[in-house]
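Right, one structure below, let's go through it.
The values are calculated or read from the model by the stated rules, or taken from the named source; none is laboratory data. Computed from a predicted model, the values in this text were never measured in an experiment. Quick reminder, even Gly has a Cβ in these numbers, built from the backbone with ideal geometry, and neighbours come from all protein chains shown.
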There are 2 protein chains.
Amino acid sequence: MIPPDHPRYRSLVTREHLAVCVKTGIVSPEGLTAHGRGEAFDYFLGERTTESALLAERTAAALILGARNPVISVNGNTAALAAREIAGLQKASGAKVEVNLFHRTEERVNQIEDLLRSAGAEVFSGPAERLLPLSHDRAWCRREGMFSADVILVPLEDGDRCEVLVNMGKTVIALDLNPLSRTARMATLTVVDELTRALPNITDACRNLTGAERMQLLACLDNNYLLSEAIREMTMRLAHALD
Amino acid sequence: MIPPDHPRYRSLVTREHLAVCVKTGIVSPEGLTAHGRGEAFDYFLGERTTESALLAERTAAALILGARNPVISVNGNTAALAAREIAGLQKASGAKVEVNLFHRTEERVNQIEDLLRSAGAEVFSGPAERLLPLSHDRAWCRREGMFSADVILVPLEDGDRCEVLVNMGKTVIALDLNPLSRTARMATLTVVDELTRALPNITDACRNLTGAERMQLLACLDNNYLLSEAIREMTMRLAHALD
């Protein structure tokens, strides 16, 4: 029982939810640690969507809306934290939702697909093949899904898969709270924001962007600028603590 | 199976070790998330002992050596990550080692005590009482241990317990990778360093400090300075990423 007077109550409740998701198999134990890393980076961001993150989110929407075969890649943490938000983005964008796991078993894939469906998503499912040049199980995907996607949204990604996807010529949109990570630096576009804040913002932009706004966002896409701004926000926040 | 070519191999192996410790019950699932937070802060520190952290570690040794009844408080993560280092510090300092858990069951207490003993520590054990004014289970401790300690080393602590211990008049030494945390700000002395680097440094200082050095370290203790230096290190590292 977490006491409601605990100053990090919300954060502890999320951790407890994820701990339950480990018991059911949705989240891998290693996923909990990854979540903790994200929490710390979010702490440095002030646990809010920064101006540059919102620009990245609007640009992400422009990329997804302009895609021929957009795919949202979902892992255990993403499903546990934001299944509804994933379903919402799918409805607004028409993107495929496909499960892709580092710690992969058929049972976990099925559980996560079921969770996504119960949150209202249509899951691009069926037999997967080992199609990506990776030594771990994130290599598994579907030929008509991720493998042939032109634009792929990867929340909470491994740096090496991000690199492989970029090398395959795909436009990769990363959601990553660490602006220094390999994923953040390798991706075409990186959204440095927390999942449940970022996904609804991308969804809103999918619904509301005009054609002219989309053109302008794409013309101005500069991931180095976005990452620099995220780092600058964190630096300022830290430096402020010195006052 | 984590591929050895993964750029975060060491970090992933530690996470896997902790995941196994969750299965055995030593580590709580929530402890994994806390570990991830620590990982992220350590990343900002450059995963090394900074100059100010070493000063804090030497000062910690001076405080422990001057104590009447020093106690090292051990939780699941600390035992899983650094049982040997805890035993080493106990040998060098004569401090009591006492288990104190947020997610407390008798079974977990026993398991963690056994792990510490197998790593060479003498554990201050026996029936605990609810002696600290806290709404959660970290309130449980022993009258002749933590409750009557004058100096207490708390690795990976909750901010509210740290505050309670300070309010009881104790000298509290925190090991905390987040220099902005409530624990870090409440403690008498905060070591902003990773456990398996910090504990051996404190142990070495316990063995090697002269009486004059101890006096000088205690006279110069300034936790605001140490925290500022830790924040400055992180800020510089982040700002460097902008170059």
Which condition from (1) without any contact (Cβ under 8 Å) to a residue 40 or more places away in the chain; (2) outside any loop (DSSP other than H, G, I, E, B); (3) among the aliphatic types (A, V, I, L, M) is the one that B:Ala34 breaks? (1)
Please go through segment A:169-219 and pick out each residue that is within 14 Å of another protein chain (Cβ to nearest Cβ) and of a type outside the set (Ser, Thr, Tyr). A:Asp176, A:Leu177, A:Asn178, A:Pro179, A:Leu180, A:Arg182, A:Ala184, A:Arg185, A:Met186, A:Val192, A:Glu194
Six or more apart or on different chains, Cβ atoms under 9 Å: show the pairs whose first residue is in segment B:222-243 and more than 9 Å from chain A (Cβ to nearest Cβ) and crowded, with 16+ Cβ neighbours inside 10 Å and whose second is in a helix (DSSP H, G or I) and of a type in the set (Lys, Arg). B:Asn223/B:Arg185
Is it the case that A:Arg37 is of a type in the set (Lys, Arg), out of contact with any strand residue (DSSP E or B) (no Cβ under 8 Å at 6 or more places or on another chain), within 13 Å of chain B (Cβ to nearest Cβ) and closer than 17 Å to A:Glu157 by Cβ? yes
Answer with yes or no whether A:Arg58 is assigned to a helix (DSSP H, G or I), over 21 Å from A:Gly88 (Cα atoms) and basic (Lys, Arg). no
B:Leu81 being more than 9 Å from chain A (Cβ to nearest Cβ) and in contact with a Cys (Cβ under 7 Å, 6 or more places away or on another chain): no
What residue, of A:Val20, A:Val27, is within 12 Å of another protein chain (Cβ to nearest Cβ), surrounded by fewer than 17 Cβ atoms within 10 Å (Cβ to Cβ) and not aromatic (Phe, Trp, Tyr)? A:Val20
Given the conditions (1) charged (D, E, K, R); (2) within 30 Å of A:Thr235 (Cα to Cα); (3) not in a helix (DSSP H, G or I), which single one is not true for A:Arg104? (2)
Being buried (at least 21 other Cβ atoms within 10 Å of the Cβ) and of a type in the set (Lys, Arg) narrows it down to one residue among B:Arg68, B:Arg48, B:Arg37; which is it? B:Arg37
Answer yes or no: is there a residue in segment A:73-93 that is among the acidic types (Asp, Glu), under 27 Å from A:Leu227 (Cα atoms) and modelled with pLDDT under 95. no
Report whether or not A:Leu132 is more than 27 Å from A:Pro179 (Cα to Cα), touching a strand residue (DSSP E or B) at 6+ places or on another chain (Cβ under 7 Å) and of a type outside the set (Asp, Glu). no
Quick check, is B:Arg15 buried (at least 20 other Cβ atoms within 10 Å of the Cβ) and either free of Cβ contacts under 8 Å to residues at least 24 places away in the same chain or closer than 17 Å to A:Gly31 by Cβ (or both)? yes
For segment A:105-129, which positions are in contact with a strand residue (DSSP E or B) (Cβ under 6 Å, 6 or more places away or on another chain), without any contact (Cβ under 8 Å) to a residue 40 or more places away in the chain and of a type in the set (Val, Ile, Thr)? A:Val109, A:Val123
Would you tally the residues in segment B:7-17 being within 7 Å of chain A (Cβ to nearest Cβ) and outside any helix (DSSP H, G or I)? 1
